[in-house]
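Before any comments, here is the structure.
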Amino acid sequence: MHESLKDLLKKLKSLEIQGAKEIAIHSLKFLRKLAKEKGFGKEFNQAAKKIEKTRPTAVVLHNCLEIIKKEKKIETINKLLRKINQATKEIAKRGSVLIKNNYVIMTHCHSGEALSVIKQAWKQGKKITVYATETRPKEQGIKTAKELSKLGIKVILIVDDAVEFFIKDVDIVMVGLDAIRKEGIVNKIGTYTIAVVAKEHKKPFYVVGNTLKLDKRKKLIIEERDPHEVYVEHIKTLEIRNPAFDVTPWNYVKRVVTEKGVMTPVNIKNLLRHKTLPKYKVRKK
């Protein structure tokens, strides 16, 4: 049975599909199917707008749609999907050199690209320990803890507020990201706090993400999610705010691991100054 637009939007809103990369992959596959059936006309454009509006902070899909607007072909979508998947492999290879044997790593939320680096280091035979934050309120960090522990990696699951308590035991902090902006890196709420704690304790803070996450949009929309994710009971005089992301300024970031290399904040800022996104050479399978 084919997935409907309504089904996809529901999965995106509920975080059944989460992470900028996964949002883009699932959305592009849906739009590819729609384009094959209906072409790149009005129905395609309306569906693309609805999907993008559902998770506006994650920039990968936005950048992919901008590329598709210039070249409305099924092969363009195929190339973008290959690019995203190939980028994760390159990121894993380039980022794993940052992880030394017996390292203790702290991570936050659930990032396929950050985990690809940790998994690659593990496959290389390095003994590692990972501190994974619970990541309130949707507990995506528990997904990370389960995924890594199933491989045999030693994982210690902690609540978000325990970051400072355990940071002294950590060698590096490594997290994913949803968007790369001139102001800093956009990631799951709580990332900024971890970066501040890491800098205070002189622990290097690395972020991981492909260059389709370069965000040149003028306006950043930080999603605010359902208050019931935080507390289910309705109290008339109680207001609940539930932002999904924060922005970590560049002065807290040691390096950014991309498919093009491990870059300094200065390197990234130079890329952001380009008028267009970098050209992508896509390797065919």
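The values are calculated or read from the model by the stated rules, or taken from the named source; none is laboratory data. Treat the numbers as computed from the prediction; the structure is a model and nothing was measured. Note that we place each Cβ from the backbone using ideal geometry, even for glycine, and neighbour counts take in every protein chain shown.
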Might you let me know whether the stretch 178-188 holds any residue that is in contact (Cβ under 8 Å) with a residue 60 or more places away in the chain and assigned to a helix (DSSP H, G or I)? no
Qualifying residue in the stretch 62-76 (condition: within 15 Å of the chain's Cα centre (by Cα), surrounded by fewer than 20 Cβ atoms within 10 Å (Cβ to Cβ) and outside the structural domain of residue 124 (by TED's automatic domain parsing)): no
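Looking at the stretch 40-54 only, could you name the residues that are within 17 Å of residue 22 (Cα to Cα), out of contact with any Lys or Arg (no Cβ under 8 Å at 6 or more places or on another chain) and buried (at least 17 other Cβ atoms within 10 Å of the Cβ)? Give the derivation first.
Pass one, the stretch 40-54, residues within 17 Å of residue 22 (Cα to Cα): 48, 50-54.
Checking which are out of contact with any Lys or Arg (no Cβ under 8 Å at 6 or more places or on another chain) leaves us with 48, 50-53.
Correct list: 48, 51, 52.
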Just one of 265, 204 is outside the structural domain of residue 12 (by TED's automatic domain parsing), surrounded by 13 or more Cβ atoms within 10 Å (Cβ to Cβ) and over 18 Å from the mean Cα position of the chain (by Cα); which is it? 204
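Each row is one residue, and each column tells you yes or no for (1) assigned by TED's automatic domain parsing to the domain that holds residue 137; (2) on the phi < 0 side of the Ramachandran plot; (3) aliphatic (A, V, I, L, M); (4) surrounded by fewer than 15 Cβ atoms within 10 Å (Cβ to Cβ).
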| residue | (1), (2), (3), (4) |
| --- | --- |
| 217 | yes, yes, no, yes |
| 230 | yes, yes, yes, yes |
| 236 | yes, yes, no, yes |
| 248 | yes, yes, no, no |
| 255 | yes, yes, no, no |
| 259 | yes, yes, no, no |
Every residue from the stretch 155-177 that is touching a residue at least 60 places away in the same chain (Cβ under 8 Å) and among the aromatic types (Phe, Trp, Tyr): 166
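Residues that are touching a strand residue (DSSP E or B) at 6+ places or on another chain (Cβ under 8 Å), without any contact (Cβ under 8 Å) to a residue 60 or more places away in the chain and under 18 Å from residue 185 (Cβ atoms): does the stretch 232-253 have at least one?
yes
Can you spot a residue in the stretch 24-44 that is among the hydroxyl-bearing types (Ser, Thr, Tyr) and modelled with pLDDT of 90 or more?
Residues of the stretch 24-44 among the hydroxyl-bearing types (Ser, Thr, Tyr): 27.
This time we only want the ones that are modelled with pLDDT of 90 or more, so: 27.
Yes, the stretch 24-44 has at least one match.
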Only one of 146, 138, 119, 168 is at pLDDT below 95 and either outside any strand (DSSP E or B) or buried (at least 21 other Cβ atoms within 10 Å of the Cβ) (or both); which? 138
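If you check 181, 225, which single one turns out to be farther than 20 Å from residue 106 by Cα, basic (Lys, Arg) and within 16 Å of the chain's Cα centre (by Cα)?
Details: 225 fails: within 16 Å of the chain's Cα centre (by Cα).
That would be 181, the only listed residue that is farther than 20 Å from residue 106 by Cα, basic (Lys, Arg) and within 16 Å of the chain's Cα centre (by Cα).
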Which pairs do you get when a residue that is closer than 25 Å to residue 83 by Cβ and assigned to a strand (DSSP E or B), found in the stretch 210-222, comes within reach of a residue that is of a type in the set (A, V, I, L, M, F, W, C) and modelled with pLDDT of 95 or more, reach meaning Cβ atoms under 6 angstrom, with the pair 6+ apart or on two chains? 214/180
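To keep it simple, each residue is scored yes or no on (1) within 22 Å of residue 194 (Cα to Cα); (2) surrounded by fewer than 19 Cβ atoms within 10 Å (Cβ to Cβ).
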| site | (1), (2) |
| --- | --- |
| 78 | no, yes |
| 83 | no, no |
| 106 | yes, no |
| 111 | yes, no |
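I'd like to verify a number: residues in the stretch 18-33 that are without any contact (Cβ under 8 Å) to a residue 40 or more places away in the chain and buried (at least 18 other Cβ atoms within 10 Å of the Cβ), how many? Can you show your working first?
Pass one, the stretch 18-33, residues without any contact (Cβ under 8 Å) to a residue 40 or more places away in the chain: 23, 26-27, 30, 33.
Next, only the ones that are buried (at least 18 other Cβ atoms within 10 Å of the Cβ) stay: 23, 26-27, 30.
Residues in the stretch 18-33 being without any contact (Cβ under 8 Å) to a residue 40 or more places away in the chain and buried (at least 18 other Cβ atoms within 10 Å of the Cβ): 4 in total.
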